[in-house]
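Peer 1: Quick one: this structure, given as structure tokens, is what I'll be asking you about.
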Amino acid sequence: MLDCGLQEPGSEPGSTKLPDDLYARWVQFGTFQPIDRLHSNHSDRLPWQYGPEANASAKKFLNLREKLLPYTYAAAKEATRTGTPIVRSMYLAYPNEQAAYATAGSQYLYGPDYLVAPVTTPGTTATTSVWFPPGNSWTDIFTGKTYRGGTTQNITTTLDTMPLFKKH
């Protein structure tokens with residue numbers, strides 16, 4: 001709400017806004033979920049209701065989600081056929097790796113090929129500890145840098161990126 005008591009254009013009556021950084025991270029997280037829901041009954045959730053950096057980040061990730069639709073549909077088909085969920089805990093894919101259990105709740109696989117480590121802390125930059133499972137290499141889809149499996153690395157991102165890696 002504006003100080004004069006008027007509602008911001010496009011906002012819902014009585015709504016509150018997330019800080020721009022947390023909004024951008026929320027959209028990033030939603031990009032790698034089977035269903036991405038921007039609406040809410042308690043807060044403004046549309047990209048143009050936020051500042052330029054959060055708006056640009058949201059648009060980038062919503063476009064990325066669109067590009068991943070064939071992959072997401074393939075993962076959904078696999079889930080239907082095998083019962084393996086689209087979003088997979090690390091220990092589901094790597095049950096014999098102790099480190100997979102330590103990452104529970106923080107990073108996961110989106111389908112069989114993408115490792116996602118969502119940023120859930122405030123700030124326009126964040127450093128996230130990411131465990132790369134053994135047996136493969138993992139490439140950061142934003143920087144192109146490849147990480148060796150069986151290692152843990154600290155990954156620093158800004159609002160226009162997140163820890164997201166493709167298995168090779």
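Peer 1: Report, ordered by the first and then the second residue, all pairs with beta carbons closer than 7 Å, sequence separation of six or more or different chains, a first member in region 93-108 that is touching a residue at least 12 places away in the same chain (Cβ under 8 Å), and a second member that is of a type in the set (Val, Ile, Thr).
Peer 2: If the second residue must be of a type in the set (Val, Ile, Thr), the pairs left are GLN107/VAL116; GLN107/VAL130; TYR108/VAL87; TYR108/VAL116.
Peer 1: From the list ASP36, ASP44, exactly one residue is surrounded by 13 or more Cβ atoms within 10 Å (Cβ to Cβ), among the acidic types (Asp, Glu), closer than 26 Å to VAL130 by Cα and modelled with pLDDT under 95. Which is it?
Peer 2: Answer to the check: ASP36.
Peer 1: Now for a separate question. Tell me the residue from LEU92, LEU69 that is hydrophobic (A, V, I, L, M, F, W, C) and under 18 Å from the mean Cα position of the chain (by Cα), please.
Peer 2: Step by step, each of LEU92, LEU69 is checked, and only LEU69 is hydrophobic (A, V, I, L, M, F, W, C) and under 18 Å from the mean Cα position of the chain (by Cα).
Peer 1: Here's a follow-up. Somewhere in region 79-102, is a residue surrounded by 20 or more Cβ atoms within 10 Å (Cβ to Cβ) and part of a helix (DSSP H, G or I)?
Peer 2: Yes, region 79-102 contains a residue that is surrounded by 20 or more Cβ atoms within 10 Å (Cβ to Cβ) and part of a helix (DSSP H, G or I).
Peer 1: Can you tell which of THR152, THR157 is closer than 21 Å to TYR23 by Cα, part of a strand (DSSP E or B) and β-branched (Val, Ile, Thr)?
Peer 2: Selected residue: THR157, the only one of THR152, THR157 that is closer than 21 Å to TYR23 by Cα, part of a strand (DSSP E or B) and β-branched (Val, Ile, Thr).
Peer 1: Looking at region 135-159, which of its residues are surrounded by 13 or more Cβ atoms within 10 Å (Cβ to Cβ) and either in contact with an Asp or Glu (Cβ under 8 Å, 6 or more places away or on another chain) or under 15 Å from TYR114 (Cα atoms) (or both)?
Peer 2: Across region 135-159, the qualifying residues are ASN136, SER137, TRP138, THR139, ASP140, ILE141, PHE142, THR146, TYR147, GLY149, ILE155, LEU159.
The values are calculated or read from the model by the stated rules, or taken from the named source; none is laboratory data. Just so it is clear, the model here is predicted, and its values are computed rather than measured. Positions of Cβ are backbone-derived with ideal geometry, glycine not excepted, and every protein chain shown enters the neighbour counts.
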